[in-house]
Amino acid sequence: QTFVSMDKLGEEKAFLHDGLNVDVTLWNGQPVAVSLPAHVTLQISHSEPGVKGDTASNVTKPATLSTGAVVQVPLFINRGEKISVKTEDGSYLGRA
């Protein structure tokens, strides 16, 4: 187990959660980079309900994840659901 300061994480810290295994690159015994898995599963802590009857394809809404990150999700996704998110760009992959 290695401790890494938050300033070394950059945008990736939005997808970190307890128990997540990551790869840490060390240089002279000091962490210099952190690599997250390709995707993570997180729970939605807040999301507005979808508009019933809105059937346009590819319509999305913002959803706040348990880590505080905000991602765009389809209208049918609701608060409390777990979803998979691509860590490279924060895009929605599907329900988990």
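The values are calculated or read from the model by the stated rules, or taken from the named source; none is laboratory data. A quick note: this is a predicted structure, and the numbers were derived from the prediction, not measured. Glycine gets a Cβ as well: all are built from the backbone with ideal geometry, and neighbour counts include every protein chain shown. Ligands, DNA and RNA are excluded from the accessible area calculation, which covers all protein heavy atoms including side chains. Shrake-Rupley method; radii C 1.70, N 1.55, O 1.52, S 1.80 Å.
Structure summary
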read-out: Candidates N28, N21, filtered to the one that is at pLDDT 85 or above, over 21 Å from V85 (Cα atoms) and open to solvent by 60 Å² or more (accessible area, probe 1.4 Å); value: N28
read-out: Matching residues in region 5-28 - criterion: being on the phi < 0 side of the Ramachandran plot, assigned to a loop (DSSP other than H, G, I, E, B) and more than 19 Å from the chain's Cα centre (by Cα); value: S5
read-out: Filter result for the condition that a residue is touching an Asp or Glu at 6+ places or on another chain (Cβ under 9 Å) and touching a residue at least 40 places away in the same chain (Cβ under 8 Å), over T67, T87, T41; value: T87
read-out: Single unsatisfied condition, T41 versus (1) surrounded by 14 or more Cβ atoms within 10 Å (Cβ to Cβ); (2) farther than 29 Å from D7 by Cα; value: (2)
read-out: Scan of region 64-79 for residues that are open to solvent by 40 Å² or more (accessible area, probe 1.4 Å), over 11 Å from T41 (Cβ atoms) and not β-branched (V, I, T), ordered by number; value: G68, Q72, F76, N78, R79
read-out: Flag if G90 is open to solvent by less than 40 Å² (accessible area, probe 1.4 Å) and at pLDDT 85 or above; value: yes
